[in-house]
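A.B. asks: Structure provided below as structure tokens; questions to follow.
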Amino acid sequence: MENFIFHNPTKIIFGRGMENEVGKEVVKFSRKILLHYGGGSIKQTGLYDRVVTSLKNAGVEFWELGGVKPNPRLSLVREGIRICREQGIDFILAVGGGSTIDSAKAIALGVPYQGDVWDFYTWKAEPQTALPVGTILTIPAAGSESSPSSVITNEDGWYKKGFGSDLIYPKFSILNPELAFTLPKYQVACGASDIMAHLMERYFTPTANVELTDRLCEATLKTIINNVPTVLEEPDNYDAWAEIMWAGTVAHNELLNTGRLGDWASHQIEHELSGIYDVAHGAGLAVIFPAWIKYNYHHNIPLFAQYFTRVWNVDHSFSNPEQTILEGIKRLEAFYHRIGLPTTLAEINIPADRLEEMADKCTDYGRYKVGGFVKLNRDDVLKIYQLASK
Ligand code: NZQ
Ligand code: ZN
């Protein structure tokens with residue numbers, strides 16, 4: 001196990017009706033805030049009205065900025081920064097999914113910074129401070145509700161880039177599993193795929209002797225695999241949603257990478273798909289992850305055999321562990337299909353004509369290698385795109 005410091009400062013407020021507490025939480029930080037949300041689902045579900053009532057009851061004045069798109073855009077972030085500066089706003093409340101939360105974090109970084117907020121996402125500058133952010137989560141998926149990262153798409157060149165800093169851990173996140181009842185099935189599946197990917201990115205590690213976090217990752221994966229089919233059948237099954245929502249947070253709040261190095265190549269490889277083709281992040285991961293496993297499992301056959309035996313209940317073949325892995329990949333792909341996700345680029349109508357461009361962008365034209373488990377160069381990344389297109 002590697003040395004580590006674990007300090008997740010996000011206060012989690014979990015359970016039925018907890019969004020009604022938001023005003024009381026916000027006034028601990030500010031009485032003048034930006035209320036940030038997506039394309040309108042929060043208005044259709046009635047959540048918006050409850051949030052506004054709670055804010056008003058607590059005496060919180062708010063400006064609104066809706067319209068965050070999945071794969072949130074830099075232009076809206078800039079708009080949010082402008083509003084906050086003009087109005088002297090010093091707190092951002094994000095109500096929505098990972099996209100809204102990430103957009104809120106970007107605004108929070110940009111307001112006190114003199115330069116362009118994109119500097120942080122391109123490693124040109126390090127932030128010294130950020131406004132505080134609070135969240136009400138409406139989709140278990142990205143884990144942004146208690147992560148130190150934000151992923152933004154710059155429309156100028158369609159670059160999708162992530163940035164991480166302890167400054168942008170949300171101060172609090174409200175998780176009411178009932179808020180997920182209204183999710184379209186495809187978003188449920190995309191969210192599940194993202195949570196699974198966050199666990200697999202951590203699981204496939206070069207670090208030895210990390211049994212506790214292996215086991216915690218396995219348990220969290222099994223929780224998703226067991227409960228997602230239930231909510232697809234019964235969208236208002238609170239108990240199953242509660243498991244998924246908490247698993248989604250635990251999967252990405254840094255606890256499960258304590259003492260171990262993660263991989264994260266699949267995320268970087270996927271970001272090029274979302275950046276250019278605007279596919280949902282979870283759908284892109286369902287396409288990339290099986291290809292990444294096929295390309296890399298030979299680097300540590302016992303680890304992959306352990307994963308598929310423990311998580312996917314494949315019988316372990318002692319004489320031919322590779323057989324265990326190949327059977328496991330089939331089960332993983334079958335699960336994605338069962339919940340309605342693609343596993344090839346063709347299934348999401350992505351042709352093979354820009355794979356080279358994506359491999360270039362992903363590795364900054366061959367200057368960087370991606371991945372902590374195996375370091376992949378530009379040609380390796382291209383081969384993974386090629387495997388994913390079949
Ligand atoms: O915009 P609205 O109208 O709210 O609709 C959203 C959106 O269309 C809808 N939705 C959300 N909650 C709903 C709902 N519809 C009905 N009922 C509800 N309760 O779902 C759609 C997807 O929303 P989005 O916020 O894009 O989903 P998600 O949470 O999957 O976020 C994806 C983004 O997070 C980034 C991804 O790259 C992607 O841009 N990630 C952020 C991470 C982080 N900050 O730590 C880590 C992740 O690996 C990921 O990269
Ligand atoms: Zn993700």
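All of the numbers you see were taken from the coordinates with simple rules; none came from a lab. The shown structure was predicted, so the numbers you read here are calculated from the model rather than taken from an experiment. Here the Cβ positions follow ideal geometry from the backbone for every residue, glycine too, while neighbour counts run over all protein chains shown.
A.B. asks: Of the trypsin sites (Lys or Arg not before Pro) in segment 1-45, which ones lie in a loop per DSSP and count no more than 15 other C-beta atoms within 10 Å?
C.D. replies: Working: sites: Lys11, Arg16, Lys24, Lys28, Arg31, Lys32, Lys43; in loops: Arg16, Lys28, Arg31.
For trypsin sites (Lys or Arg not before Pro) across segment 1-45 that sit outside H, G, I, E and B with at most 15 neighbouring Cβ atoms in 10 Å, the list reads Arg16, Lys28, Arg31.
A.B. asks: Using a Gaussian network model on the chain with a 10 Å cutoff between Cα atoms, which of Thr122, Thr223, Thr363 fluctuates the most?
C.D. replies: The residue with the greatest mean-square fluctuation here is Thr122.
A.B. asks: Show me, for segment 345-359, the HN-Hα J-couplings you get by feeding each phi into the Karplus relation (A = 6.51, B = -1.76, C = 1.60, θ = phi - 60°), rounded to Hz, glycine and proline as x.
C.D. replies: Couplings: 4, 4, 5, 10, 6, 9, x, 8, 7, 10, 5, 4, 4, 5, 5 Hz.
A.B. asks: Take the alpha carbon atoms of segment 36-91, find their center, do the same for segment 215-243, and report the distance between the two centers in whole angstrom.
C.D. replies: That distance is 30 Å.
A.B. asks: If you don't mind, there's one more thing I want to ask. Residue by residue through segment 8-21, what is 3J(HN,Hα) from phi via Karplus (6.51 cos²θ - 1.76 cosθ + 1.60, θ = phi - 60°)? Round to whole Hz and write x for glycine and proline.
C.D. replies: 9, x, 6, 7, 9, 10, 10, x, 4, x, 5, 4, 5, 8
A.B. asks: Now, a different point. Could you list which residues have their amide H under 5 Å from that of Phe172, counting only those 5 or more apart in sequence or on another chain, with H placed in the peptide plane?
C.D. replies: Lys11, Thr135
A.B. asks: By how many nm would the segment from Tyr365 to Lys69 grow when fully extended, if each residue of separation counts as 0.36 nm and the alpha-carbon distance is taken off?
C.D. replies: So the chain would gain 103.7 nm between Tyr365 and Lys69.
A.B. asks: Take each of the peptides 298-305, 228-235, average the number of other beta-carbon atoms within 10 Å over its residues, and list them starting from the highest.
C.D. replies: Values: 298-305: 15.5, 228-235: 17.0.
Answer by packing, highest mean first, reads 228-235, 298-305.
A.B. asks: Could you work out how far the C-alpha centroid of segment 125-142 sits from that of segment 160-180, in angstrom?
C.D. replies: 5
A.B. asks: A further question on this structure: In sequence order, what are the phi-derived ³J(HN,Hα) couplings for segment 361-369 according to the Karplus relation 6.51 cos²θ - 1.76 cosθ + 1.60 with θ = phi - 60°, rounded to whole Hz, with x for glycine and proline?
C.D. replies: For segment 361-369, the Karplus curve yields 5, 5, 10, 6, 6, x, 7, 10, 9 Hz.
A.B. asks: Here is a follow-up. Hey, which of these cross-link pairs are over 32 Å Cα-Cα: Lys32/Lys161; Lys24/Lys124; Lys43/Lys390; Lys124/Lys222; Lys56/Lys124? Please report the intermediate quantities before stating the final value.
C.D. replies: Details: Lys32/Lys161 30 Å; Lys24/Lys124 37 Å; Lys43/Lys390 41 Å; Lys124/Lys222 40 Å; Lys56/Lys124 40 Å.
Exceeds cut-off: Lys24/Lys124; Lys43/Lys390; Lys124/Lys222; Lys56/Lys124.
A.B. asks: Subtracting the Cα-Cα distance from 0.36 nm times the residue separation, let me have the gained length for Asp156 to Lys330 in nm, one decimal. Mind dumping the intermediate values first?
C.D. replies: Numbers: separation 174, 0.36 × 174 = 62.64 nm, distance 3.86 nm.
My answer for the length gained is 58.8 nm.
A.B. asks: Using a basic spin-label model with each label point 7 Å from the Cα along Cα→Cβ, how many nm lie between Glu218 and Ala58?
C.D. replies: So the two model labels end up 4.1 nm from each other.
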